[in-house]
Amino acid sequence: MIHEQFNLGFIFNQLPNLLSKGINCFTSESDLFVKLARVCKQDPSITHDQSIFRKIRNSEVDHEITNELSKFLNFDEKMLPTTPIEESDLKTLGAWFLVDSMIDGYKLNGHCKNEVASKYLDFIHAHCEIEKAIIEELTVYKQIPQIDSYLERWLIAKITFPEPSVEELASYVSSLTMYVCALIELGLEVLNETNVNSKLNKVLPRHEIKKQHHLLIPSSEVLLEKTKAAWAKDKYEKEKISWEQFYRDILTAQARDETLIKKHPKYAEIDVIDPDTKAIKKRFQRWRAGDLFTIEDFRVYLAILRLPYKDSKQHLGLECYFLVNIFTYVQLDLIKNGIHPRDIEDLFSRYPEYKDIVNSRFNEFKLSGVLTP
């Protein structure tokens with residue numbers, strides 16, 4: 001139901017798609033609306049079998065179905081006004097419109113805890129204005145050559161429209177991914193009033209050669225390696241421990257967490273003396289190969305070593321899981337499109353540069369109120 005036009009953009013190109021992959025809490029559009037309905041109506045008994053969701057699943061969506069869904073979810077009563085747009089501006093619609101609407105929602109809901117948070121939301125709004133202008137240049141005035149200079153200035157990415165090379169596309173996709181993730185990472189720090197250092201700097205992908213095969217170690221696997229190494233240092237005062245020991249420690253922590261057991265009784269069946277690690281090993285192998293995490297995965301399999309399950313729901317470190325998912329998703333997509341693992345490592349090694357660019361632009365924006373490249 002989200003029109004493809006809402007994925008359009010240059011800095012925010014495909015952003016709704018990237019965010020949905022990163023959050024990884026629904027399997028399809030109909031699944032998203034089922035879960036949204038359960039929250040909006042406070043009714044966990046709502047199922048995928050209801051007619052409105054079957055119609056969405058069967059791609060029978062039109063204005064009538066959209067109105068039916070809106071009434072079913074009580075959106076007319078519960079939704080706050082979003083970014084206004086004139087009929088004449090419809091050609092400039094893109095991902096920026098959804099981002100700007102979310103910014104308006106944050107402001108109207110009183111999420112600006114301080115002046116810095118308010119400045120950050122204005123900072124994102126300024127990006128939306130730039131996106132709108134770029135789309136207008138392309139769709140209204142047909143100024144295609146202008147797009148190249150826009151992207152080079154804002155994303156430090158060289159790309160030649162309308163027929164970029166495969167290498168240029170890979171550079172562009174990785175650049176917009178890193179820039180957007182740096183914006184989000186900054187937002188998590190600002191809106192949560194913390195100076196948490198970048199987590200993404202620590203989970204950059206790498207290239208390895210094993211048995212004459214070039215392999216990409218994606219961000220998901222790097223994250224798990226770093227988590228295991230930190231646990232080895234803190235728990236055992238060692239440089240490293242085996243994956244088997246790591247699995248056993250996780251299973252033991254699960255078996256001793258009363259809140260987790262209350263929610264999922266199966267964890268009470270774990271043998272804390274000699275736990276069976278076959279199932280958890282397979283799960284970790286899938287993540288190390290690039291499967292995406294859910295927030296529940298993070299709480300049950302990683303945070304559980306350091307935080308009781310009941311205390312991990314709102315922890316800032318866990319909110320960053322979806323950024324690792326976005327990195328991993330894009331890295332594996334580049335592999336599928338024939339980009340060499342070594343080139344992917346080189347592309348993402350620039351993330352600290354993008355983090356610095358975003359922070360620098362935000363610091364200047366706080367002083368001047370003007371967004372400049």
Requested in this report: Determine the shape class of region 215-356: with a ≥ b ≥ c the square roots of the Cα gyration tensor eigenvalues, call it rounded for a/c under 1.5, and otherwise prolate if a/b is greater than b/c, oblate otherwise.
Outcome: prolate
Query raised in the report: What residues qualify as long-range amide H neighbours of Arg206, i.e. H under 5 Å apart, gap of 5 or more or another chain, H built at 1.01 Å from N?
Result: Ile217
**Report entry** Shape of region 276-373, Cα gyration tensor, a/c cut at 1.5
**Finding:** oblate
**Report entry** Protection proxy ranking, peptides 95-101, 149-155, average beta carbon neighbours within 10 Å, highest first
**Finding:** 95-101, 149-155
Query raised in the report: Using alpha carbon centroids, what distance separates region 296-356 and region 219-261, in Å?
Result: 17 Å
Report summary line: Relative contact order in percent for region 220-309 (Cα pairs under 8 Å, 6+ apart) equals 35 percent
Query raised in the report: In sequence order, what are the phi-derived ³J(HN,Hα) couplings for region 152-158 according to the Karplus relation 6.51 cos²θ - 1.76 cosθ + 1.60 with θ = phi - 60°, rounded to whole Hz, with x for glycine and proline?
Result: 5, 6, 8, 10, 6, 10, 8
Report task. Would you mind checking the pairs Lys199/Lys228; Lys202/Lys262; Lys199/Lys235; Lys21/Lys233; Lys238/Lys310; Lys202/Lys233 and listing those with alpha carbons more than 27 angstrom apart? Result -> Lys202/Lys262; Lys21/Lys233; Lys238/Lys310
Report task. Decide, for region 269-313, between rounded, prolate and oblate: order the square roots of the alpha carbon gyration tensor eigenvalues as a ≥ b ≥ c, take rounded if a/c falls under 1.5, and otherwise choose prolate if a/b is larger than b/c, else oblate. Result -> oblate
Query raised in the report: Tally Lys and Arg at +1 and Asp and Glu at -1 over the other residues with C-beta under 10 Å from the C-beta of Leu200: what net charge comes out?
Result: +2
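FYI, it's all coordinate maths here, none of it is from the lab. This one's a predicted model, so the numbers in the text were calculated from it and none came from an experiment. All Cβ positions, even for glycine, are placed from backbone atoms using ideal geometry, and neighbour counts span all protein chains on display.
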